[in-house]
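Below: the structure, in structure tokens.
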Protein chains: 2
Amino acid sequence: MVTSSSARDRILDTAFRLFYARGIRAVGVDLIIAESGVAKATFYKHFPAKDELVLAYLDKVDGIWTGQLRAAAEAAGPDPADQLVGLFDALGTACRRDGYRGCAFINAAAEAAPGTPVHERTVAHKRAVLAWLRDLATRAGADDPESLARSIALLLDGGLADGALAADPEAPRAAKHAARGLVAAAASRVA
Amino acid sequence: MVTSSSARDRILDTAFRLFYARGIRAVGVDLIIAESGVAKATFYKHFPAKDELVLAYLDKVDGIWTGQLRAAAEAAGPDPADQLVGLFDALGTACRRDGYRGCAFINAAAEAAPGTPVHERTVAHKRAVLAWLRDLATRAGADDPESLARSIALLLDGGLADGALAADPEAPRAAKHAARGLVAAAASRVA
DNA sequence: TTGATCATAGACAGACCTGTCTGCTAGTGT
DNA sequence: ACACTAGCAGACAGGTCTGTCTATGATCAA
């Protein structure tokens, strides 16, 4: 099974690029098939329906984005309070990347009807991120970890959304700055 | 010209409802025509292309949402600092509304390619809101009005995005709480 | 050699999309 | 009475969408 996974990977890589750049509905399977150099039958063998490719796409994005988020957090040092601030460096890096078009999950949710598997997948992602933030806030010794985690999540998602609109290139820095203030306030109440 | 505006209004009202509920690409002009009880020729007379209807839809949303935002701010009293916090009540009200599906502009931007009139329209909206927040922050006597305005905008857009994902029903309250903290911090530096 | 498996190439069906066009009806101002 | 305007009804063209199908070539194991 050497070449068998190759076709699947080519499809998924192409879908990743096109879905993110143009939107899910705007990209037809025909285009993905053409750009990935794969036969139609092969496509439908690996992904019996377009929606399953969309789910695989979201899984891929989840893995990448979560990894960047954790890496940025850990780069800030061992202190969970520092990590809650440092993770915003991942936002800054993402926004500066060429062709940045915001959060793939927020975008996918905008196109999918509530209740559909695709929409549920985006909800699951946001919940997982929030759980991670809650853990960090708890270990940071925040007075109200739940509230702090939610606030950080709001700043993060706001930064992702605003970056997509390109309305404010300074958004990531403002988000990090605000996060620092919130973390300090939550910690000072304890100290 | 009594009935003449009626057809146009019916089209726009139907589009407003359907575009927001299902997404712009997911709604075809045929459906809008059928649900608004209008002839196809009449539709294309008022809106020569679908994109023009989309722009009219965004204008309508802009008027409504901006109005709600300002009303919520003014309900908090005459102090600009209070208004910066009070405006989040509009977010709470919106999120509780049945069929809430997030910010129409963020959703529209997710479907439109950057550079298109529709995308530009969303950017203009966010810029207008940011300018309003900047004015409020300045009049509130904040140390760094630009930074405070951006932070408030991030919390607002984050709340809109998260509410759409329905991942966190408490998001509006958390956003208001965080905003109160940021406003207090920015003001205390002056006092 | 032969059969199984995986790939490619592309025709095809059936639905839906935007936008144009032709007829027809009804009210309105002159 | 007559022209004008606004609207309704729906056929039509040309394109795109998802998904199925047939036919063919390449690889590899028995």
Handout entry: Candidates B:PRO172, B:PRO78, filtered to the one that is in a loop (DSSP other than H, G, I, E, B) and over 13 Å from the mean Cα position of the chain (by Cα)
Key = B:PRO78
Handout entry: Where B:GLY77 falls short, out of the listed (1) at positive phi; (2) buried (at least 21 other Cβ atoms within 10 Å of the Cβ); (3) not polar (S, T, N, Q)
Key = (2)
Exercise for the section: Determine if the stretch A:33-56 includes at least one residue that is in a helix (DSSP H, G or I), of a type in the set (S, T, N, Q), closer than 27 Å to A:TYR100 by Cβ and within 12 Å of DNA strand C (Cβ to nearest atom). Expected result: yes
Problem - Failed item in (1) under 14 Å from the mean Cα position of the chain (by Cα); (2) buried (at least 23 other Cβ atoms within 10 Å of the Cβ), with B:ALA137 passing the rest - result: (1)
Completion exercise
The lone condition B:GLU111 fails out of (1) within 14 Å of chain A (Cβ to nearest Cβ); (2) within 16 Å of DNA strand C (Cβ to nearest atom); (3) open to solvent by 60 Å² or more (accessible area, probe 1.4 Å) is (3)
Fill in the blank from the handout: Among (1) in contact with a Pro (Cβ under 7 Å, 6 or more places away or on another chain); (2) at pLDDT below 95, B:ALA137 falls short only on (2)
Fill in the blank from the handout: So, first residue more than 19 Å from B:ASN107 (Cα to Cα) in the stretch B:56-74, second residue aromatic (Phe, Trp, Tyr), Cβ within less than 8 Å, six or more apart or across chains; the pairs are B:ARG70/B:TRP132; B:ALA72/B:PHE88
Exercise for the section: All but one of (1) touching a Leu at 6+ places or on another chain (Cβ under 6 Å); (2) not in a helix (DSSP H, G or I) hold for B:ASP143, so report the exception by its number. Expected result: (1)
Exercise for the section: Test B:GLU111 against the stated conditions and say whether it is assigned by TED's automatic domain parsing to the domain that holds B:ALA166, modelled with pLDDT of 95 or more and within 16 Å of DNA strand D (Cβ to nearest atom). Expected result: yes
Practice task
For the stretch B:101-108, state whether one or more residues are open to solvent by 50 Å² or more (accessible area, probe 1.4 Å), more than 16 Å from DNA strand D (Cβ to nearest atom), within 14 Å of chain A (Cβ to nearest Cβ) and assigned to a loop (DSSP other than H, G, I, E, B).
Solution key: no
Handout entry: Matching residues, the stretch A:82-95, being in contact (Cβ under 8 Å) with a residue 12 or more places away in the chain and either open to solvent by 20 Å² or more (accessible area, probe 1.4 Å) or of a type in the set (D, E, K, R) (or both)
Key = A:GLN83, A:ASP89, A:THR93, A:CYS95
Fill in the blank from the handout: Selection over the stretch B:24-40 where residues are basic (Lys, Arg) and either away from every other protein chain (no Cβ under 14 Å) or near DNA strand D (Cβ under 8 Å from one of its atoms) (or both) yields a count of 1
Handout entry: Any hit, the stretch A:131-148, residues being under 26 Å from B:PRO145 (Cα atoms) and facing chain B (nearest Cβ under 7 Å)
Key = yes
Exercise for the section: Look through A:ALA166, A:ALA94 and report the one residue that is in contact with a helix residue (DSSP H, G or I) (Cβ under 8 Å, 6 or more places away or on another chain), under 30 Å from A:LYS50 (Cβ atoms) and more than 10 Å from chain B (Cβ to nearest Cβ). Expected result: A:ALA94
Exercise for the section: Only residues that are more than 24 Å from the chain's Cα centre (by Cα) and either in a loop (DSSP other than H, G, I, E, B) or of a type outside the set (D, E, K, R) (or both): list them for the stretch A:1-32, please. Expected result: A:MET1, A:VAL2, A:THR3, A:SER4, A:SER5, A:SER6, A:ALA7, A:LEU31
Fill in the blank from the handout: By residue number, the members of the stretch B:41-65 that are open to solvent by 40 Å² or more (accessible area, probe 1.4 Å), among the β-branched types (Val, Ile, Thr) and away from DNA strand D (no atom under 16 Å from the Cβ) are B:ILE64
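Conditions tested, residue by residue: (1) open to solvent by less than 10 Å² (accessible area, probe 1.4 Å); (2) within 19 Å of the chain's Cα centre (by Cα); (3) of a type in the set (Ser, Thr, Tyr).
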residue	(1), (2), (3)
B:ASP144	no, no, no
B:ARG150	no, yes, no
B:GLY158	yes, yes, no
B:LEU165	yes, yes, no
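The values are calculated or read from the model by the stated rules, or taken from the named source; none is laboratory data. This structure is a prediction, so every number in the text was calculated from the model and none was measured. Don't worry about glycine lacking a Cβ; one is built from the backbone with ideal geometry, like all the others, and counts go over all protein chains shown. The area values use the complete protein model at the heavy-atom level, side chains included, leaving out ligands, DNA and RNA. Shrake-Rupley method; radii C 1.70, N 1.55, O 1.52, S 1.80 Å.
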